Structures are given as structure tokens and as C-alpha cells.
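The structure appears right after this line, and notes come after that.
The values are calculated or read from the model by the stated rules, or taken from the named source; none is laboratory data. Keep in mind that what you see is a predicted model, and the values were worked out from it rather than measured. Cβ coordinates were reconstructed from backbone atoms using ideal geometry, including for glycine residues, and neighbour counts include every protein chain displayed. Accessible surface is based on the protein model in full, side chains and every heavy atom, while ligands, DNA and RNA are left aside. Shrake-Rupley method; radii C 1.70, N 1.55, O 1.52, S 1.80 Å.
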Amino acid sequence: MPIGRTLLGVLCLLAVSITSVHADEPILIRFSHVVGENTPKGKGAEMFKQKVNERLAGRVKVEIYPRSLKFNDNEVFMALLFGDVEMAAPSLSKFRGYAPALEVFDLPFLFDDVDHVHRFQHSDIGQQLLQTMLPVGIEGLAYWDNGMRAISANKPLRVPPDADGLVFRIEPSTVIQQQYTELGVVAVPMPFSQVYDAIRTGVVDGQENSWSNIYSRDIHALHKNFTELDHSFQGYMVITSQDFWEDLPDDIRSELTAILAEVTEEVNRMAAEQSESDRQKVAAAEGVEILEPSPSDVQLWRDAMTPIWDQFQPEIGAAVIDAAVAAGNAQ
Ligand code: LMR
């Protein structure tokens, strides 16, 4: 047999065996996030991994990368598109470059509570928002809760003028940035992994976050003055790359969808509990005071912050804002 043909045969055999090795390997889902394992998102990712490893054993394997071990939230979108991770759950405040309509979740004092947020997320428009990044190749799979936000600083913040002149760490949302500009606060967008050091070294004086993020990052060890403002909701969208998701075998995609629905229900139940229990742990920490503003003080914060709604209406869309407001009345 001529040498060329032998070589061709060997190469073909090699190619077949390489393909079959790959075919036998489980599909890998790398899930990247930025918070600790003991938070609603951290527990949700772990629960997703366990259920997938049980129910799709040998076919799908999940690896979790918490605490920004792989990527910060601003990097993870490109990482998904480049196939460096397969799933992530960034805060809804981090989608501006991809889905400006999602900034509706940051509009101050729009949502009364988490139930109001859920009614909006379950509405037609809320569901459509999950698909709004398909043109750039990102698919929204679910919304996960964390909780309503509190603010904290190195001094009591009872009424808006108390914040004037302070520097706050914020998530990278222009709505949140403008909300603080209205108060005379310099708002600095910064990854979650840097918050603790930024407060410790005095780079910032204040911050806002959900109770589980405050507690898990030990912010109560640095700040002693918290105000339970509940002015906005901190939650997540679980996302994947559309290419990855559409290429999955149908039965695997539908089992992952079913698992995610179960996990979502459980994450949201845990988030409600943890928001309360972590708030209590912060309250019990040495020297901490949590202000619960009176209705008339809340009204002052509302009056100071809500004028920005009009400014963001063109980019978020009037229909989206109207649907979110209507979900508050639809009880
Ligand atoms: C933050 O950056 O404060 C949060 O988005 C972190 C998170 O993922 O909850």
C-alpha cells in the first residue's frame, strides 16, 4: 500500500478516536459568580450543580467559580460569548451595556417590595426582558432574588442632606449613579470584590447593598451606621450563551430548564429568609445601629431620588416602566 494512503488511514482513525473521546465526555457548565458560597446566589449555584450532577450524571458536569475567582461581573459577559464560561448570574444592575431596559430594576422607589418585583418579572414584559439580549447572543434563563437594598456610611444617614458630599461605592449602573448625584454624593462604580478594601482604606465613605451581601462581605465590621431604605431591589438574571444553549441536545436542555425552575423557587425562598436573618446578624454586631426611617423621612429620600425616572425613560422605555409600576397596583 502506498505510504500516503497508509498515513491517511492512520489520520482518519486518529480523528475518529479523538471524536469518540469527546463524545463520551460530559458537557461542562462553568458557572461564574462574584459572591460567597453562603449567599442566596452562592447556594443556588451549588444546588444547581448538585441536582445536575445527580440527574444528568455522566452527561453534564457543573463547576462553580464563586467570589470572582474566574471573572468579575463586568468581564463575565464577554467570557460567556467567548465560551470561557457557560453560565453566570450578574446583578440586574450590571446589564446596562447589553440591555438598558433592565435598568428599570434600579429606579429608586419603583418597587415596594420583593413581591412587587416578582409580579413584574412574571408579567409579559418581565418575561420578554429575559430574551432582550438574544441579538448579542446572550439568553436569560431565570431571575433570582437577593433582597431590597440598605445604605451604610461612617455616619448616620437619616435624611438626604446627611449624604451630601460623601463618596459611595455603587454597582455600575447609570441609574444608581444619577440617584446619588441628586443627593450630592460622588458615586464610584466598583467590582464587588473591591468593596471591603475601598471602605477599609477610606477610598469610599458609603455603600448600598442587600443584607446578605453586607453581611457576607463583613461591611458591618467597618460601617456602624445603616439605614434600611429599601429604595431598590438587588437581584440577578441567570444567563448563558445562546450558542451553547441552542447546541445542547433537546432532552438535556429541557432537564436543565426543569432543574433551574426548581432551583429558582428555592433560591427565592432562601433569599427572603436570609435577608431577614442577615439583617438581624448585622444589627447584633458590635456598635451597629440600623435606622428605620419614618414615613416622612422616607418621603424625603423619595422626593430627592425619584426625579431621575424621567431622565431614564427614553433608554428604559415607557412601556417597561409603566408595566413595572402597574405590577405594584395589581395585588
Ligand atoms: C454587587 O456588586 O454589589 C453585587 O452585584 C454583588 C452580587 O452579585 O450580589
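Restrict the check to the stretch 297-306 and report whether at least one residue is more than 29 Å from residue 156 (Cβ to Cβ), open to solvent by 50 Å² or more (accessible area, probe 1.4 Å) and modelled with pLDDT of 95 or more.
Applying the first criterion (more than 29 Å from residue 156 (Cβ to Cβ)) to the stretch 297-306 yields none.
No: the stretch 297-306 contains no residue that is more than 29 Å from residue 156 (Cβ to Cβ), open to solvent by 50 Å² or more (accessible area, probe 1.4 Å) and modelled with pLDDT of 95 or more.
Of the residues that sit in the stretch 74-89 and are assigned to a helix (DSSP H, G or I) and buried (at least 24 other Cβ atoms within 10 Å of the Cβ), which one is nearest to the ligand (Cβ to nearest atom)?
Result: 76.
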Problem - Identity of the residue in the stretch 122-149, away from the ligand (no atom under 16 Å from the Cβ) and closer than 19 Å to residue 309 by Cβ, that ends up surrounded by the fewest Cβ atoms within 10 Å (Cβ to Cβ) - result: 123
Practice task
State all residues of the stretch 106-129 that are in a helix (DSSP H, G or I) and of a type in the set (Asp, Glu); if no residue qualifies, say none.
Solution key: 106, 115, 124
Practice task
Of the numbered conditions (1) of a type in the set (Phe, Trp, Tyr); (2) within 15 Å of the ligand (Cβ to nearest atom); (3) open to solvent by 10 Å² or more (accessible area, probe 1.4 Å), residue 211 fails exactly one; give the number of that condition.
Solution key: (3)
Handout entry: Options 92, 110, 69; residue that is more than 12 Å from the ligand (Cβ to nearest atom), of a type outside the set (S, T, N, Q) and open to solvent by less than 50 Å² (accessible area, probe 1.4 Å)
Key = 110
Exercise for the section: Confirm whether residue 254 is closer than 30 Å to residue 59 by Cβ and open to solvent by 50 Å² or more (accessible area, probe 1.4 Å). Expected result: yes
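Would you confirm whether or not the stretch 43-62 contains a residue that is within 13 Å of the ligand (Cβ to nearest atom), in a helix (DSSP H, G or I) and without any contact (Cβ under 8 Å) to a residue 60 or more places away in the chain? Can you show your working first?
Filtering the stretch 43-62 for residues within 13 Å of the ligand (Cβ to nearest atom) gives 43-45.
Now drop any that are not in a helix (DSSP H, G or I), which leaves 43-45.
Restricting the remaining residues to those that are without any contact (Cβ under 8 Å) to a residue 60 or more places away in the chain gives 45.
Among the residues of the stretch 43-62, at least one is within 13 Å of the ligand (Cβ to nearest atom), in a helix (DSSP H, G or I) and without any contact (Cβ under 8 Å) to a residue 60 or more places away in the chain, which makes the answer yes.
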Problem - Evaluation of residue 196 against (1) touching a residue at least 40 places away in the same chain (Cβ under 8 Å); (2) open to solvent by 50 Å² or more (accessible area, probe 1.4 Å); (3) touching a helix residue (DSSP H, G or I) at 6+ places or on another chain (Cβ under 8 Å) (one fails), failing number - result: (1)
